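A.B. asks: If you scroll down you'll find the structure; I have some questions about it.
The values are calculated or read from the model by the stated rules, or taken from the named source; none is laboratory data. All values derive from a computational prediction rather than experimental measurement. Because the Cβ atoms are built from the backbone with ideal geometry, glycine has one as well, and the counts that use them run over all protein chains shown. Heads up: the accessible areas ignore ligands, DNA and RNA and are worked out on the full protein's heavy atoms, side chains in. Shrake-Rupley method; radii C 1.70, N 1.55, O 1.52, S 1.80 Å.
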Amino acid sequence: MCTSLMVLTKKFCDCVRRVPEGHCAKCRSRIDGTVVTALGKTWHPSHFNCVHCDNELGTQNFFEKEGKPYCENDYHQLFSPRCNYCNQPIKDKCVTALDKTWHPEHFFCAHCGENFGEEGFHERYGKAYCRSDYFNMFAPRCSGCEEPIMENYISALGSQWHPQCFVCSECRVPFNGGSFFEHEGLPYCEIHYHSKRGSLCASCDKPITGRCITAMMKKYHPEHFICTTCLKPLNKGMFKEREDKPYCPQCYTKLP
């Protein structure tokens, strides 16, 4: 947040005297009574006036602009910056932000109305928002938890994710080395990817990435499709099945 503080400084009449001194800067007549000394000149008290409203300044506070005196109200109305919220002159501290000026109490979140703390503000479409509202309203949402993403994120599968939310959709374990497998738009580890696709070996529960044997509505690594009794390979396609277990013809005939 970029802010600046401005404090307007009032001027005072240098002195008021009751001794003859010079001539009035306005009427040019000699001053024999009370005298006002201001702006390097002397004036009758009734002639030291605001150049805008002509009210007597006397011993009141006044402001100077280009060598001319102004009452406090006219000076602020004519020359002070205006608050973008209330359009009133800013007479004391001023916040400068979004190329505009504001009373400090009028520079607040466009959504919740709270003043900004040490975290400052975030800008969107020319409006200022607190950190919480900005991220809730405008930040991308994590595809894992659907909460706003405020800092680092992972972009994958056409979505954004908190790093801690980008995990296997089945076992919820983070991906080692960043590698993952996609199934129906969701990320999976290798084991659960193959489990979803039905490509785990029914014998070793490991993924089948090459040749496989399909039997008894299951898939096997060729070297793992063996006879339940003698453990010889059945990869030549000749086997018998009993109680969902494969047997070679010889062992099958010996079953009770």
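A.B. asks: Considering the stretch 118-131 alone, what residues qualify as being within 23 Å of PRO163 (Cβ to Cβ) and open to solvent by 60 Å² or more (accessible area, probe 1.4 Å)? Let's see the steps before the verdict.
C.D. replies: Just the residues of the stretch 118-131 that are within 23 Å of PRO163 (Cβ to Cβ), to begin with: 119, 122, 131.
Hits for the stretch 118-131 are GLU119, ARG131.
A.B. asks: It is to be established whether one or more residues within the stretch 105-114 are open to solvent by 50 Å² or more (accessible area, probe 1.4 Å) and either over 20 Å from the mean Cα position of the chain (by Cα) or closer than 30 Å to ALA38 by Cβ (or both).
C.D. replies: yes
A.B. asks: Same structure again: Does GLY22 meet the test of being open to solvent by 40 Å² or more (accessible area, probe 1.4 Å), at pLDDT below 90, more than 30 Å from SER132 (Cα to Cα) and of a type in the set (Gly, Ala, Ser)?
C.D. replies: Working: open to solvent by 40 Å² or more (accessible area, probe 1.4 Å): no; at pLDDT below 90: yes; more than 30 Å from SER132 (Cα to Cα): yes; of a type in the set (Gly, Ala, Ser): yes.
Considered against the rule, which asks whether it is open to solvent by 40 Å² or more (accessible area, probe 1.4 Å), at pLDDT below 90, more than 30 Å from SER132 (Cα to Cα) and of a type in the set (Gly, Ala, Ser), GLY22 comes out as no.
A.B. asks: Just checking, which of VAL173, VAL95, VAL167 is more than 30 Å from HIS192 (Cβ to Cβ), touching a residue at least 12 places away in the same chain (Cβ under 8 Å) and among the aliphatic types (A, V, I, L, M)? Show your work before the answer.
C.D. replies: On the way: VAL173 fails: more than 30 Å from HIS192 (Cβ to Cβ); VAL167 fails: more than 30 Å from HIS192 (Cβ to Cβ).
Just a single option satisfies the conditions, and that option is VAL95.
A.B. asks: A follow-up question, please. Taking interchain pairs and intrachain pairs at least six residues apart, which have beta carbon atoms under 6 angstrom, with the first residue in the stretch 44-60 and in a loop (DSSP other than H, G, I, E, B) and the second open to solvent by 90 Å² or more (accessible area, probe 1.4 Å)?
C.D. replies: From the stretch 44-60, the pairs are VAL51/LYS68.
A.B. asks: Right, next: Identify, please: which residue in the stretch 237-256 is under 19 Å from PRO222 (Cβ atoms) and either small (Gly, Ala, Ser) or within 60 Å of the chain's Cα centre (by Cα) (or both) and is, among those, surrounded by the fewest Cβ atoms within 10 Å (Cβ to Cβ)?
C.D. replies: GLY237
A.B. asks: Moving on to the next point. Among the residues of the stretch 155-187, write down those that are outside any strand (DSSP E or B), of a type in the set (Gly, Ala, Ser) and open to solvent by less than 70 Å² (accessible area, probe 1.4 Å).
C.D. replies: At the first step, the residues of the stretch 155-187 found to be outside any strand (DSSP E or B) are 157-158, 162-166, 168-173, 175-180, 184-185.
Still in the running and of a type in the set (Gly, Ala, Ser): 158, 169, 177-179, 185.
SER169, GLY178, GLY185 - these are the residues of the stretch 155-187 that are outside any strand (DSSP E or B), of a type in the set (Gly, Ala, Ser) and open to solvent by less than 70 Å² (accessible area, probe 1.4 Å).
A.B. asks: Could you please find all residues in the stretch 188-197 being surrounded by fewer than 18 Cβ atoms within 10 Å (Cβ to Cβ) and of a type in the set (Ser, Thr, Tyr)?
C.D. replies: Passing the criteria: only SER195.
Each row is one residue, and each column tells you yes or no for (1) of a type in the set (Ser, Thr, Tyr); (2) in contact (Cβ under 8 Å) with a residue 24 or more places away in the chain; (3) open to solvent by 100 Å² or more (accessible area, probe 1.4 Å).
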| site | (1), (2), (3) |
| --- | --- |
| ASP205 | no, no, no |
| CYS212 | no, no, no |
| GLU223 | no, no, yes |
| THR228 | yes, no, no |
